[in-house]
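Visitor: The structure follows.
Just so it is clear, none of the values below were taken in a lab; they were calculated from the coordinates. Since this is a predicted model, take the numbers as computed values, not measurements. Counting neighbours? That spans all protein chains shown, and the Cβs are built from the backbone with ideal geometry, glycine included.
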There are 2 protein chains.
Amino acid sequence: MVETRDDPTIVEPTDAIIRVTATCICGSDLWPYRGVTDVDHQVMGHEYVGVVEEIGAQVATVKVGDFVVGSFWASDNTCEICRAGYQSHCVHRTLMGLIGTQSDRARIPLADGTLVATPRQPDADLVPSLLAASDVLGTGWFAALAAQAGPGKTVAVVGDGAVGLLAVLAAKQLGAPRIIAFSRHPDRQRLARDFGATDIIEERGDDGVVKVQELTSGLGAHSVVEAVGTQESMMQAIHATRPGGHVGFVGVAHGVSIPGELLFRSGVHLHGGPAPVRQFLPELLQLIWDRTIHPGKVFDLTLPIGQAAEGYRAMDERRAIKVLLTPTDVNETRGSSR
Amino acid sequence: MVETRDDPTIVEPTDAIIRVTATCICGSDLWPYRGVTDVDHQVMGHEYVGVVEEIGAQVATVKVGDFVVGSFWASDNTCEICRAGYQSHCVHRTLMGLIGTQSDRARIPLADGTLVATPRQPDADLVPSLLAASDVLGTGWFAALAAQAGPGKTVAVVGDGAVGLLAVLAAKQLGAPRIIAFSRHPDRQRLARDFGATDIIEERGDDGVVKVQELTSGLGAHSVVEAVGTQESMMQAIHATRPGGHVGFVGVAHGVSIPGELLFRSGVHLHGGPAPVRQFLPELLQLIWDRTIHPGKVFDLTLPIGQAAEGYRAMDERRAIKVLLTPTDVNETRGSSR
């Protein structure tokens with residue numbers, strides 16, 4: 001449902017108000033959309049870029065007029081957990097989804113710890129990539145790091161949604177020489193290859209695991225990203241990983257149960273959860289600014305925010321990889337950003 | 001049951017035959033002892049030190065007369081998995097328990113990859129510590145490493161059996177300034193403090209977790225060792241770990257199920273399984289040889305191998321932390337090695 005709400009205002013002196021330039025629909029928004037997770041009239045959306053319109057008295061690092069990208073978790077970026085690189089578990093964290101950014105203006109708590117400004121106003125073609133950095137790129141990046149993707153590593157990615165595809169991009173950028181993407185959709189396979197995948201496996205589950213073993217002398221991949229969140233995808237990820245290898249999981253787990261005996265026998269490392277996107281934003285924004293990476297390619301449908309419902313349908317039916325939403329005061333409806 | 005079997009002989013050119021100087025009962029031997037795991041007349045025991053009596057034609061790194069310590073997994077130490085440090089998952093691995101070392105002589109497969117010789121025949125007082133290196137120390141060491149114990153870290157250890165106690169020793173040796181041991185047994189608490197524990201928590205489960213949080217500004221420990229293998233101990237370990245922290249689990253999991261949602265929310269790293277003891281043997285033997293560490297203190301009961309049954313009872317009833325067994329041709333029955 002799209003409705004009109006009161007404009008947000010500064011509540012805490014650490015808040016900023018931004019005018020949202022673009023927002024989007026996250027795969028995780030589909031869980032409540034489908035009714036799997038309870039949602040009571042919440043403002044959906046937690047990914048955003050925008051321009052700062054107002055700042056609280058204590059905000060020091062962003063100023064009015066700055067173009068900013070924010071993580072989907074608001075964080076102080078100063079507590080012990082943040083300093084260890086886990087801003088998504090900040091002791092003062094607030095999930096942006098609870099505030100909502102799929103509207104024209106948004107209140108961003110802990111602005112200094114949450115937002116990163118670009119050097120100048122970005123060219124229009126950079127906006128989708130900057131928006132991707134807000135969640136889906138940062139999440140894929142974290143997954144690849146959690147899986148310890150890097151030079152000399154064979155990386156496999158379970159899940160061909162936007163996060164999985166951007167984990168492919170991350171693995172490539174981190175130096176992995178061989179990247180296997182699981183996908184049975186031609187358009188997603190194409191984007192995976194464009195982002196750096198060297199091999200595509202169409203089989204799933206145990207059949208998919210056999211294919212990974214065939215490509216890795218029977219050992220399994222060094223690094224496996226799990227970007228779905230189901231029991232099958234988690235088992236596929238663990239089984240596809242060699243002993244001593246690393247599984248990075250970022251799919252929001254729903255009804256997943258990991259047998260302790262399996263994990264014991266497997267000898268894999270398991271790490272994941274909500275990505276500390278804020279940790280990576282400075283580096284990722286620079287890579288985008290320099291046009292080294294083009295994560296915005298995951299947006300294959302752009303709609304005005306008033307048509308958000310159609311965007312949810314398109315993603316749910318897998319007609320779109322990821323939907324970019326433009327606010328109502330941007331008089332532009334683009335067909336595709338690709 | 002203690003019975004007489006034929007002496008083992010060289011089967012493969014990579015085998016060695018050792019005369020077992022000492023062996024012991026492992027906590028994991030208690031699972032089949034209790035009937036939780038099926039065992040069909042297997043030779044129990046997988047921890048051993050001894051003297052090489054015969055070598056196969058291809059054995060190059062140990063020679064007849066060497067005093068040797070071996071890992072409980074025989075490994076080639078040359079395959080890709082071994083070279084990555086995961087000898088317990090060697091593509092040619094053989095679990096020593098299937099061959100059995102609680103007898104006077106034992107055949108050791110892949111001798112070059114499995115055994116490490118001491119510089120000379122050891123003094124008698126070093127033998128228990130060298131025996132501990134064969135499994136229980138190596139396992140505690142791996143758990144501490146998997147939990148990333150080290151300088152600046154608060155480490156908590158779930159489980160006050162020999163492995164947990166030696167994980168305390170490992171954490172101390174690895175430089176951890178604060179080490180919390182969970183234990184409600186005065187003798188084990190004493191040994192934990194002797195090995196380096198700075199704090200003891202008697203509470204278990206959620207109550208134990210609350211105590212850890214009280215000691216860590218509400219954040220949880222950086223590094224938690226799970227050395228039991230039950231659902232309760234695994235949950236206690238995960239809940240006691242701060243976001244971004246590390247759980248090293250080496251308790252042989254029995255009926256454990258890890259909820260994916262919990263693991264996702266927790267943000268912890270999870271790694272464990274059968275310890276690649278062989279990786280650590282050179283370093284650990286040197287530390288023992290130099291009398292820097294004294295892991296043999298975990299043996300608080302020594303029995304001739306003919307009385308192994310009493311040893312199992314004593315460990316099962318927690319009257320003994322760990323039982324050292326001397327072979328029948330060693331005419332010495334020591335009361336305690338401590």
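Visitor: Please rank B:LEU325, A:LEU165, fewest neighbouring Cβ atoms within 10 Å first, as an exposure proxy.
Guide: Details: B:LEU325 28, A:LEU165 31.
Lowest to highest Cβ neighbour count: B:LEU325, A:LEU165.
Visitor: If the only charges are +1 at each Lys and Arg Cβ and -1 at each Asp and Glu Cβ, what is the size of the charge dipole of the protein assembly as shown around the Cα centre, to the nearest 20 debye?
Guide: 860 debye
Visitor: Still on this structure, please answer the following. Inside 10 Å of the C-beta atoms of A:82-89, what's the mean count of C-beta atoms belonging to other chains?
Guide: Details: counts 1, 0, 6, 2, 5, 2, 3, 8.
For peptide A:82-89, the averaged partner shielding equals 3.
Visitor: Okay, next question. Ranked by Cβ crowding within 10 angstrom, fewest neighbours first, how are A:ARG105, B:ARG242, A:ARG120 ordered?
Guide: A:ARG120, A:ARG105, B:ARG242
Visitor: Among A:ALA275, A:ALA308, A:ALA57, which one shows the highest mean-square fluctuation when chain A is modelled as a Gaussian network with alpha-carbon springs under 10 Å?
Guide: Of A:ALA275, A:ALA308, A:ALA57, the most mobile in the Gaussian network model is A:ALA57.
Visitor: Another one. Nearest 20 debye, what's the magnitude of the dipole of region B:69-148 about its Cα centre given +1 on Lys and Arg Cβ and -1 on Asp and Glu Cβ?
Guide: 140 debye
Visitor: For peptide B:245-258, compute the average count of partner chain beta-carbon atoms within 10 Å of each residue's beta-carbon.
Guide: Per-residue shielding by partner chains comes out at 4.
Visitor: Among A:PHE249, A:PHE280, A:PHE142, determine the one that fluctuates most according to a GNM of chain A built with springs between C-alpha atoms less than 10 Å apart.
Guide: A:PHE280
Visitor: For each of A:TYR312, B:TYR48, B:TYR86, count neighbouring Cβ atoms within 10 Å of the residue's Cβ, then give the residues from fewest to most. Let's see the in-between values first.
Guide: Numbers: A:TYR312 19, B:TYR48 29, B:TYR86 25.
In increasing order of surrounding Cβ atoms, one gets A:TYR312, B:TYR86, B:TYR48.
Visitor: Which one, B:LEU215, B:PHE280, B:VAL298, is farthest towards the positive end of the dipole of region B:203-318 when Lys and Arg carry +1 and Asp and Glu -1 on their Cβ?
Guide: B:PHE280
Visitor: Above 38 angstrom, tally the Cα pairs of chain A and express them as a % of all pairs, no decimals.
Guide: For chain A, the share of Cα pairs beyond 38 Å comes to 12 percent.
Visitor: Largest first, please: the extent of the C-alpha atoms of region A:141-272 along each principal axis, to the nearest Å.
Guide: Largest to smallest, the principal-axis extents are 38, 30, 26 Å.
Visitor: Given only helices, namely DSSP H runs of n ≥ 4 each adding -39500 (n - 2.57), what is the per-residue ellipticity at 222 nm of the protein assembly as shown, to the nearest 500 deg cm²/dmol?
Guide: -8500 deg cm²/dmol
Visitor: Counting pairs on different chains as well as pairs 8 or more places apart, how many Lys pairs in the protein assembly as shown have Cα atoms under 12 Å apart?
Guide: 4
Visitor: Quick one: plug the Kirkwood hydrodynamic radius of region B:86-178 (C-alpha pairs) into Stokes-Einstein at 37 °C, 0.692 mPa s, and report D in µm²/s.
Guide: D, rounded to a whole number, is 217 µm²/s.
Visitor: Follow-up question, since we're still on this one. Enter the mean number of other protein chain beta carbons within 10 Å of the beta carbon of each residue in B:266-278, as an integer.
Guide: For this peptide, the per-residue mean of nearby foreign Cβ atoms is 5.
Visitor: OK, next. Quick one: 3J(HN,Hα) in Hz for region B:66-72, Karplus 6.51/-1.76/1.60 with θ = phi - 60°, rounded, Gly and Pro as x.
Guide: 5, 8, 10, 10, x, 6, 6
Visitor: Still on this structure: Could you give the dipole magnitude of chain B about its Cα centre, charging the beta-carbon of Lys and Arg +1 and that of Asp and Glu -1, in debye to the nearest 20?
Guide: Roughly 940 debye, rounded to the nearest 20.
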